[in-house]
1. Put +1 on the Cβ of every Lys and Arg and -1 on every Asp and Glu Cβ in the range 10-211; which of TYR61, ALA118, THR88 then has its Cα farthest towards the positive end of the dipole?
2. Starting from the range 25-130, pick out the GluC sites (Glu not before Pro) whose DSSP state is loop and whose Cβ has at most 13 other Cβ atoms within 10 Å.
3. What are the extents of the Cα atoms of the chain along their three principal axes, in Å, largest first?
4. Taking 0.36 nm per residue of separation and subtracting the Cα-Cα distance, what length does fully extending ARG131 through LYS148 add?
5. Let me spell out the model: positive unit charges on the Cβ of Lys and Arg, negative unit charges on the Cβ of Asp and Glu, origin at the Cα centre of the chain. What dipole size does that give, in debye rounded to 20?
6. Helix 10-39 versus the longest principal axis of the chain: what is the Cα-based angle in degrees, 0 to 90, to the nearest 10?
7. Amide H to amide H, which residues 5 or more places from LEU159 or on other chains are under 5 Å from it, using H placed in the peptide plane?
8. If we count every other residue with Cβ under 12 angstrom of ALA100's Cβ, Lys/Arg +1 and Asp/Glu -1, where does the sum land?
Amino acid sequence: MAEHLDDESPVTSSRFADRVTALRDAEIRQTALNCFNENGCFKTDLDQVAKLVGVGKGTVYRHYGSKQLLLEATLDTGMGKLGEICETLSKAHADNPRRAFELTVHAMVDMNMRNDPASPATLSRLLCGCRWGGTKLSASTLTDAFSKCVRKWQTAGVLRSDADPTWIASTVMALVNAPDVTMPSQTLEPAVHEGLVEAVVTRILAIVSQVFAAEAA
């Protein structure tokens, strides 16, 4: 008769340990992302991250052998979160791609003004920190990720198909990361904050209006 697995079996214990490791890894990444967002790349260290997670520095080192490796993993986590937001908006407004584009711009502006850890502004700073530390990353990593959305909008007839998607993505990202957009307004009343976001979004959409396809303009 086959032997049943119980809570003490090596296989079950291994799976449990893997889940615990994965959860701890996610916690370390998110905590590091929050620290880098608040303090910058150079003022954040592994001791600080370990203390906030509630573990020893050695635990963080077991997951990531150096601050640079943690920085790279943190960037990956932030990029994933921003990508999920864009993808969710795209799916939620699949019947109205123009609206999906506008809401994506709105979301990125709002994240910047709220100083969200996964905001385009924060991820841009993390990119600089990674490159300064010697990581070989494309200078347009964030733009490349956003270009995927741009290509979808081009296929949907929202944006001109004869325009370079990378150029469109880099232009929108530059406007979203303009200095007046990356000044956090989290201390403002919600209505005032939203008014600022709407004003910036309207300005950005007016600037990029030339890349709208004729039928979507």
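1. Most positive-ward Cα: TYR61.
2. Here no GluC sites (Glu not before Pro) fit, given the DSSP loop and packing criteria.
3. 68, 51, 38
4. Details: separation 17, 0.36 × 17 = 6.12 nm, distance 2.27 nm.
Net length gain for the segment: 3.9 nm.
5. Numbers: 22 positive and 26 negative charges, 122 e Å.
Value, rounded to 20: 580 debye.
6. Result, in degrees: 50.
7. Here GLN154, ALA213 satisfy the definition.
8. On the way: positive: LYS91, ARG98, ARG99, LYS152; negative: GLU87, ASP95, GLU102.
That works out to +1.
Rule-based calculations on the coordinates, nothing more; no lab input. Please read these numbers as outputs of a predicted model, since none were measured by experiment. Positions of Cβ are backbone-derived with ideal geometry, glycine not excepted, and every protein chain shown enters the neighbour counts.
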